[in-house]
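J.: Sharing a structure with you now.
The values are calculated or read from the model by the stated rules, or taken from the named source; none is laboratory data. This structure is a prediction, so every number in the text was calculated from the model and none was measured. Virtual Cβ from ideal backbone geometry, glycine too; neighbours counted across all protein chains shown. Heavy atoms of the whole protein, side chains included, go into the accessibility calculation; ligands, DNA and RNA do not. Shrake-Rupley method; radii C 1.70, N 1.55, O 1.52, S 1.80 Å.
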Amino acid sequence: MILPKVIGHRGAAGMAPENTLAGFRHAISVGAPWVEFDTQLSADKRVIVFHDDRLDRTTDGSGSVDDTDFETIRKLDAGAWFDPAFAGELVPTLKETLALLLQLGLHPDIEIKPAEGRETETARAVMAEVLAVWPVGAPPPLITSIKHDCLRIARELAPDWPRGLVCFRYPRNWRALLEDLACGIMICKESLLDRRRVERITGAGYALMAFTVNRPRRAATLLSWGVSSIITDRPEDILAVASQSL
């Protein structure tokens, strides 16, 4: 898989409400070729695009996503918290998101982000929906997770699709983990990376993605070290720097 230099984080989270259709539209409008977004289950097992465990930060609702049914979530405003101009934006389903991305020509980086104890259930539900709609012969989505069980299920259900391990801490046994999970991509919090680590990972034949990078100078440095992709809240700011690194 050929990775892009720039991927919009949760759509374009610095410029539009995260993990919303408006955010994905903004990402394509500024030239981002890919977007990253998060998937999890509502209480009644609907796959939604949402990051936090709780509804409070990015909607006008409250409570745990895992304990809230989809009908309730669907009535919430997921845009006004960011800016009144986005009032009325909804929490999208995975199916709605994939339909929009296919229409726009945006490529998905799908993170499986289950509630505790729902790893297997969530991964199977996400993969089933993506497999049902993704066009045969089209470049496959990237499936990522911090949860090893989710990646194992993704491998079981779509063995030829690319997978990435998300790391908020730098694992000393990173090579063994990637081999065990059959992941060709490591996705690291950008503060974990220095030149030596980047060179070790890429020198071992793995692609490396860095999140969440919003400073153009830092993005340029990471790319110069060999990082494959920058995941950013502000794709318009990073695309200019990325083009200079080609």
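J.: Give the peptides 220-228, 66-74, 157-165 in descending order of average Cβ contacts within 10 Å, highest first. Mind showing how you got there, number by number?
T.: Details: 220-228: 19.2, 66-74: 15.6, 157-165: 17.4.
The most tightly packed comes first, giving 220-228, 157-165, 66-74.
J.: Relative contact order for region 1-90 using alpha-carbon pairs under 8 Å, separation at least 6, rounded to a whole percent? Can you show the working numbers first?
T.: Numbers: 170 pairs, mean separation 20.5, N = 90.
Rounded, it is 23 percent for region 1-90.
J.: Ranked from highest to lowest mean number of other Cβ atoms within 10 Å per residue, what is the order of the peptides 40-51, 9-20, 140-151?
T.: Values: 40-51: 20.0, 9-20: 25.5, 140-151: 22.2.
Descending packing order for the listed peptides: 9-20, 140-151, 40-51.
J.: Ignoring any ligand, DNA or RNA, what whole percent of the accessible area of the chain comes from carbon and sulfur when the probe is 1.4 angstrom?
T.: Numbers: 5300 of 10780 Å².
Within the chain, the accessible surface is 49 percent carbon and sulfur.
J.: Under a Cβ-Cβ cut-off of 12 Å, what is the net charge of the residues other than residue 215 that fall near it, where Lys and Arg count +1 and Asp and Glu count -1? Walk me through the intermediate numbers first.
T.: Working: positive: 217, 218, 234; negative: 190, 233, 237.
It works out to a net charge of 0.
J.: Here's a follow-up. Just add up the charged neighbours of residue 194: K/R +1, D/E -1, any other residue whose Cβ is under 14 Å from the Cβ of residue 194. Before the final figure, lay out the partial values.
T.: Numbers: positive: 189, 195, 196, 197, 200, 218; negative: 190, 199.
So the environment of residue 194 carries a net charge of +4.
J.: Moving on. How high is the relative contact order of the chain? Use alpha-carbon pairs under 8 Å, at least six apart in sequence, and give a whole percent. Walk me through the numbers before you get to the answer.
T.: On the way: 515 pairs, mean separation 48.6, N = 246.
Relative contact order here is 20 percent.
J.: Starting from the exponent 0.38 and prefactor 2.2 Å, build the expected Rg for the chain from its residue count and divide its actual Cα Rg by it.
T.: On the way: Rg = 17.2 Å, N = 246, 2.2 N^0.38 = 17.8 Å.
Taking the Cα Rg and dividing by 2.2 N^0.38 Å, one obtains 0.96.
J.: A further question follows. Given the pairs 5/189; 45/189; 5/95; 75/95, which span a C-alpha to C-alpha distance of over 23 angstrom in this model? Before the final figure, lay out each step's value.
T.: Values: 5/189 16 Å; 45/189 30 Å; 5/95 26 Å; 75/95 18 Å.
Long pairs (Cα-Cα over 23 Å): 45/189; 5/95.
J.: Here's another thing I want to ask about it. Just to confirm a number: summing +1 for Lys and Arg and -1 for Asp and Glu over residues other than residue 166 whose beta-carbon lies under 12 angstrom from that of residue 166, what do you get? Please list the in-between numbers first.
T.: On the way: positive: 113, 147, 163, 169, 189; negative: 36, 38, 109, 111.
Net local charge, residue 166 excluded: +1.
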